[in-house]
Amino acid sequence: MRFSKSILVVLAWLWVSGWGCSQEQQQAPVSCFFIFGDSLVDNGNNNGMLTLARANYRPYGIDFPQGSTGRFTNGRTFVDVLAQLLGLPTYIPPYARTRGRALLRGVNYASGASGIRDETGNNLGAHTSMNQQVSNFADTVQQMRRFFRRDINSLKTYLSKCIIYSGLGSNDYLNNYFMTDFYSTSSQYTPKAYASVLIQDYTRQLTQLYQLGARKVIVTAVGQIGCIPYQLARYNGNNSRCNEDINKAIVLFNSELKKLVTRFNSGQLPGAKFVFLDSYQSTVDLYRKGRSYGFEVLDKGCCGVGRNNGQITCLPLQQPCEDRSKYLFWDAFHPTEAANIIFGKAAYSSNTQSYTYPINIEQLAML
């Protein structure tokens, strides 16, 4: 019996979607994944906004099967890689275009330029801050109630098995504290005080996620953003190629964030398990060992304008580098898909607490 190519494609889609499978066959360690964050994991929420923080044009997405979706890289983001490692059948869709039963598989609320603080990213235009992302999740939970016949306990049980990813903070430094022409925060707070204020706000936001049903939560440290092409293009340091003032401020925030995870896991949020993902350490290690992973260019964007391809980010229809797998950075701010794959695999199955603390993401999924 012969099938046309189009029928085979439909059958394959139905199989991947779980249609025709028994209830047991459909069971996977993780059936839902909710994502909060900024442009590192945004996959299209900013497409309809009046903002400079948009990536729904080529060459963004040049290596992604669906093309220019709004992802700020050439292919998959970190959470796309994570979704595949978790065994989810599809990438998690953006909140901006997800409704109905699709909500049950998870939603991506991330928004380019957003931060923990509401004003962060205003210099680039519209965005969805973490406070608003949490509010959007509350709306999602409310909508999901009807699929559980308004049985709140069943919904809570379902949500308790979902993986929650939250990665904020980069823009609170790049597009707030260290952008002194637009923001006054650096004159209001010392780096240590600013880190404390951010953690105070973030504690409230993560607690709200817990109150809404989140139980398996990944929180990410801020990466070594003093060494991204954007900073390398602007900084003329004497002893380091990186802007160590920014890196030192980031370390203060990351240290407090790890302490917060320890407090949450020590009974402050009963029944929850938080994993601290040390993006700072993983980026430091990748810079140091980049060539052993096949990267040949560690300090320039594959696509961009000016010094280190970091003075202006990737322009519409600009011709990027030919071999993206050789570049650590896609543009002035964001890693390539090749780097995201390495970061994703390290976080998922790391056997050292230097990347994931106190357990890795695979272990979190199996709880």
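The values are calculated or read from the model by the stated rules, or taken from the named source; none is laboratory data. Predicted, not measured: the structure shown is a model, and the values here were computed from it. Quick reminder, even Gly has a Cβ in these numbers, built from the backbone with ideal geometry, and neighbours come from all protein chains shown. The accessibility values were calculated without ligands, DNA or RNA, using every heavy atom of the protein model including side chains. Shrake-Rupley method; radii C 1.70, N 1.55, O 1.52, S 1.80 Å.
Using +1 on the beta carbon of Lys and Arg, -1 on that of Asp and Glu, and nothing else charged, what's the dipole of the chain about the Cα centre, debye to 20?
That gives a dipole near 960 debye.
Under a GNM of the chain (C-alpha, springs under 10 Å), which listed residue has the highest mean-square fluctuation: 169, 213, 271?
271
Loop-only check: which GluC sites (Glu not before Pro) in segment 271-367 are DSSP coil with at most 14 other Cβ within 10 angstrom?
296, 322
Mean residue ellipticity at 222 nm from the helices of the chain, using -39,500 (n - 2.57) per DSSP H segment of n ≥ 4 over the full residue count, to the nearest 500 deg cm²/dmol?
Dividing the helical sum by the residues of the chain leaves -10500 deg cm²/dmol.
How high is the FRET efficiency between residue 292 and residue 234 when r is their beta carbon distance and R₀ equals 25 Å, given to the nearest 0.05?
Efficiency at R0 = 25 Å is approximately 0.30.
Suppose we look only past 37 Å in the calculated P(r) of the chain. What percent of the Cα-Cα pairs does that tail hold?
Result for the distance tail: 17 percent.
What pairs in 156/258; 248/289; 156/345 have C-alpha atoms more than 24 Å from each other?
Exceeds cut-off: 156/258; 156/345.
Given the options 214, 126, 102, state which has the largest fluctuation in a GNM of the chain using a 10 Å cut-off (strictly under) for Cα springs.
Highest fluctuation of the listed residues: 102.
Could you rank 64, 148 by how accessible they are, 1.4 Å probe, largest area first?
Of 64, 148, the descending order of accessible area is 148, 64.
How much length is gained if the chain between residue 154 and residue 352 is pulled fully straight, taking 0.36 nm per residue apart and subtracting their Cα-Cα distance, in nm to one decimal?
67.8 nm is the gain from fully extending residue 154 to residue 352.
Residue separation times 0.36 nm, minus the C-alpha to C-alpha distance between residue 56 and residue 311: what's the value?
Length gained between residue 56 and residue 311: 89.8 nm.
What longest range of the chain stays clear of loop-exposed trypsin sites (Lys or Arg not before Pro) (DSSP non-H/G/I/E/B, at most 12 other C-beta within 10 angstrom)?
That gives 151-367 as the longest site-free run.
Output the relative contact order of the chain, whole-number percent, from Cα pairs under 8 angstrom with separation of 6+ residues.
17 percent
Over all alpha-carbon pairs in segment 172-244, figure out the percentage whose distance exceeds 17 Å.
59 percent
Just grab the label-to-label distance for residue 266 and residue 126, each label 7 Å out from Cα along the Cβ direction, in nm (one decimal).
About 4.4 nm separates the two model spin labels.
If you look at just the Cα atoms of segment 327-367, how large are its Rg and its Dmax in Å?
Rg, Dmax (Cα atoms, Å): 12.3, 38.
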